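For reference, the structure is listed below as structure tokens.
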Protein chains: 2
Amino acid sequence: MFAVVMCGGSGTRFWPASRQKRPKQFLNITGKGPMVVETCDRLRPLTQDEELILVLGEQHMGEAARYFEDRKIHMLAEPVGRNTAPCMGLGAIYAAYLGCRGPVAFLPADHFIGDPVTFLRDLSRAGEIAVQGSIVTVGIVPDRPETGYGYIRRAPEPMETGDGAAYRVVEFVEKPELEKAVHYLSTGEYYWNGGIFVARPDTVLQEMETQLPGLYEGLMELKPALGTDRFKTTLKRVYDRLEGISFDYGIMENTEAPVYVVPSACGWSDVGSWRSLYALKTDECDAQGNLCEGDAILVDCQQAFVSAQGGRTVACLGLRNCLVVDTEDALLVADQDRAQDIREIVEALKAKGRNNLV
Amino acid sequence: MFAVVMCGGSGTRFWPASRQKRPKQFLNITGKGPMVVETCDRLRPLTQDEELILVLGEQHMGEAARYFEDRKIHMLAEPVGRNTAPCMGLGAIYAAYLGCRGPVAFLPADHFIGDPVTFLRDLSRAGEIAVQGSIVTVGIVPDRPETGYGYIRRAPEPMETGDGAAYRVVEFVEKPELEKAVHYLSTGEYYWNGGIFVARPDTVLQEMETQLPGLYEGLMELKPALGTDRFKTTLKRVYDRLEGISFDYGIMENTEAPVYVVPSACGWSDVGSWRSLYALKTDECDAQGNLCEGDAILVDCQQAFVSAQGGRTVACLGLRNCLVVDTEDALLVADQDRAQDIREIVEALKAKGRNNLV
């Protein structure tokens, strides 16, 4: 199966570990290597390097090249980020250009999967359905009433497939309030939308032609330039006039084509903040719930998350629920409950002209 | 007036800014220079450099020499710290050796004085009384029921002096519980014991002969070695067998000689912790009570004290009552209410053999 790994994020939520030049997908935060490398390696049983297309920001090509220098992965540089719909469209025409006629998995580069075996099984199951010409999403089986994710609602009855459950999708729903999220969890008919889709390139493009004609037109303009010297300039011209829109919002919420969901209990997390990283690593915590990475000394702390990457010793005394991230040139100390608001720090730095730190 | 500045502390309460090699008295924490330099400079109108005797730990001679290289201050190196009584005894015999027959001021090197003019006035008043042969202490007029200091209780009626109030001392009392401290404050008859004494060398030595004969004997052994090649080895031999004891406990609590106190409202602080330093600097705080030194960015913080001396940017988000001290090789993040317990961090570092950091 071909795969398009979407690597365009420029997230600030892992500042100061993440920077514009080295966003989350290039960080080793889940312990084995940069997240994008983990994402690619995870697909190996299903996808050869030659079938792997990485779509990333132009400014990150150098960083990515370092990690994949000996591998035959295809890399496409977006001149500017335009959200997931253009990214997937670009991946789709490139996969077709490479000769792909079967299903393509479209996945974010910066998600964590705790159980890759289950994930790959469910992803190939999605491929088996998608090969018929539908769009199939891998729905994450929720284990809590999370309000930070969008949800996918399935039909009550499973469709008939070879070896297990897949469902028609009834609707894609936005991030819910807590009360709704509790209800979603209780019905068993909702999954988290992890932004993972499987579809044939022509299926994707057909949807774009109907629903996002401007994008489709741009892609058709780009198509004859693939593999030529004109690619880069054409891509820039096309992207310049594209609107930024997500695949969820631009395609999935209004599609009239059949859409299916394959539920997956694969230990997924979008690792969207330091707090959710902490939640992922509870088994590495000490008896007081403290998580320490690097050279740290804690006295009377509880639920502290210390990431000491700055080459110096970090000592903590009497802290509760605190986040300390030390890097060579910047240090963050925050209440863990405020982990979602780290962008305010980044914005304050920008406002002060401290662009070297963002 | 001669002065003996006692510079022997090896405090850990300002870790990581203070280290064994560079304790608090050598730090610039109150803003004008190293505390020991501030202490010496403050005495200038009263005491010439030639009348100034600095008693410090052998290991700090190099550090001190850097600050006073062009000045004719006398420096005496204690081979080992033995608390204030031996230190003052050494200062007393040295002052006598230098020809001093009048009063000597004995003061700690690492205290803050907000109003030096008032302090010097009160110190010279103490000198005027001490010249008659008594021990006079400068009592700090309390402005709050502090439980962290010892107190000096005065007689109800002032003694007759030339130009203002001085009192017989009734007793020296240990650090009180809060209830007692509130009572002390309400009577108006108690002062904080700042460890500042004025007395003639012979008065001090006479008290030592009576109350600390072992110390007196050592000092008499040392006396003929002053100014000779034998000084250093004799000092070491004498100090080796001395017991460590404070002047308060060893002399003042049991003396039968008359002792006087000159009250002083001189804005004194012993700057005993990061928290008390923060309290000293409230006028430098922002509207949320945050105190920032160095390159710091705060978002939604209250009563945060950030000292960024590590050459990197410190960003804080959503903190309450937090202390952040960043230095080149070590970082401290603590609840300000735990500022007194920083020694636990230092002990933990020692236990781990991290002696380069203590």
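The values are calculated or read from the model by the stated rules, or taken from the named source; none is laboratory data. These numbers were taken from a predicted model, which means no experiment stands behind them. Note that we place each Cβ from the backbone using ideal geometry, even for glycine, and neighbour counts take in every protein chain shown.
Per-structure values
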read-out	value
Residue match in the range B:294-303 (condition: assigned to a strand (DSSP E or B), within 7 Å of chain A (Cβ to nearest Cβ), closer than 14 Å to A:Leu319 by Cβ and in contact with a strand residue (DSSP E or B) (Cβ under 6 Å, 6 or more places away or on another chain))	no
Residue in the range A:335-352 that is more than 19 Å from B:Lys352 (Cα to Cα), facing chain B (nearest Cβ under 8 Å), at pLDDT 95 or above and part of a strand (DSSP E or B) present	yes
For B:Arg22: the one exception among (1) at pLDDT 95 or above; (2) away from every other protein chain (no Cβ under 14 Å)	(1)
Within the range A:64-92, tally of residues that are buried (at least 23 other Cβ atoms within 10 Å of the Cβ) and aliphatic (A, V, I, L, M)	4
Residue selected from the range A:266-308 under the condition surrounded by 15 or more Cβ atoms within 10 Å (Cβ to Cβ) and polar (S, T, N, Q), by the criterion farthest from the chain's Cα centre (by Cα)	A:Gln302
Residue match in the range B:186-201 (condition: more than 20 Å from the chain's Cα centre (by Cα) and of a type in the set (Phe, Trp, Tyr))	no
Qualifying residues in the range A:325-334 (those that are within 7 Å of chain B (Cβ to nearest Cβ) and crowded, with 20+ Cβ neighbours inside 10 Å) - the one farthest from A:Ile297 (Cα to Cα)	A:Ala330
Only listed residue being of a type in the set (A, V, I, L, M, F, W, C), over 25 Å from B:Glu347 (Cα atoms) and in contact with a helix residue (DSSP H, G or I) (Cβ under 7 Å, 6 or more places away or on another chain), chosen from A:Leu317, A:Leu280, A:Leu349, A:Leu323	A:Leu349
Meets criteria (facing chain A (nearest Cβ under 9 Å) and buried (at least 24 other Cβ atoms within 10 Å of the Cβ)) for B:Leu319	yes
Verdict on B:Glu179 being outside any loop (DSSP other than H, G, I, E, B), surrounded by fewer than 14 Cβ atoms within 10 Å (Cβ to Cβ) and within 24 Å of the chain's Cα centre (by Cα)	no
Single condition A:Gln59 does not satisfy, out of (1) at pLDDT 95 or above; (2) part of a helix (DSSP H, G or I); (3) of a type outside the set (D, E, K, R)	(1)
Where B:Asp286 falls short, out of the listed (1) closer than 30 Å to B:Asp341 by Cα; (2) assigned by TED's automatic domain parsing to the domain that holds B:Val131; (3) among the charged types (D, E, K, R); (4) assigned to a loop (DSSP other than H, G, I, E, B)	(2)
Which listed residue, of B:Glu209, B:Glu243, B:Glu217, is surrounded by fewer than 23 Cβ atoms within 10 Å (Cβ to Cβ) and in a loop (DSSP other than H, G, I, E, B)	B:Glu243
Residue in the range A:197-210 that is of a type in the set (S, T, N, Q), in contact (Cβ under 8 Å) with a residue 60 or more places away in the chain and out of contact with any Phe, Trp or Tyr (no Cβ under 8 Å at 6 or more places or on another chain) present	yes
Every residue from the range A:113-153 that is aromatic (Phe, Trp, Tyr) and touching a Phe, Trp or Tyr at 6+ places or on another chain (Cβ under 7 Å)	A:Tyr149, A:Tyr151
Extreme residue, farthest from the other protein chains (Cβ to nearest Cβ), among residues of the range A:266-283 that are hydrophobic (A, V, I, L, M, F, W, C) and assigned to a helix (DSSP H, G or I)	A:Leu280
Residue in the range A:222-233 that is closer than 28 Å to A:Lys175 by Cα, in contact (Cβ under 8 Å) with a residue 24 or more places away in the chain and not small (Gly, Ala, Ser) present	no
Yes/no for A:Gly250 being crowded, with 22+ Cβ neighbours inside 10 Å, in contact (Cβ under 8 Å) with a residue 12 or more places away in the chain and more than 9 Å from chain B (Cβ to nearest Cβ)	yes
Counted residues, the range B:23-63 - those being under 17 Å from B:Ile113 (Cα atoms) and in contact with a Lys or Arg (Cβ under 7 Å, 6 or more places away or on another chain)	2
Residue within the range A:183-191 that is under 22 Å from A:Val5 (Cα atoms) and surrounded by 13 or more Cβ atoms within 10 Å (Cβ to Cβ) present	yes
Filter result for A:Arg42 (charged (D, E, K, R), under 30 Å from A:Ile342 (Cβ atoms) and either part of a loop (DSSP other than H, G, I, E, B) or not assigned by TED's automatic domain parsing to the domain that holds A:Gly310 (or both))	yes
Subset tally (residues that are touching a residue at least 24 places away in the same chain (Cβ under 8 Å) and part of a loop (DSSP other than H, G, I, E, B)) for the range A:325-334	2
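Yes/no per residue for (1) closer than 26 Å to A:Ala315 by Cα; (2) in contact (Cβ under 8 Å) with a residue 60 or more places away in the chain:
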site: B:Ser18; (1), (2): yes, no
site: B:Val37; (1), (2): no, no
site: B:Leu43; (1), (2): no, yes
site: B:Arg71; (1), (2): no, no
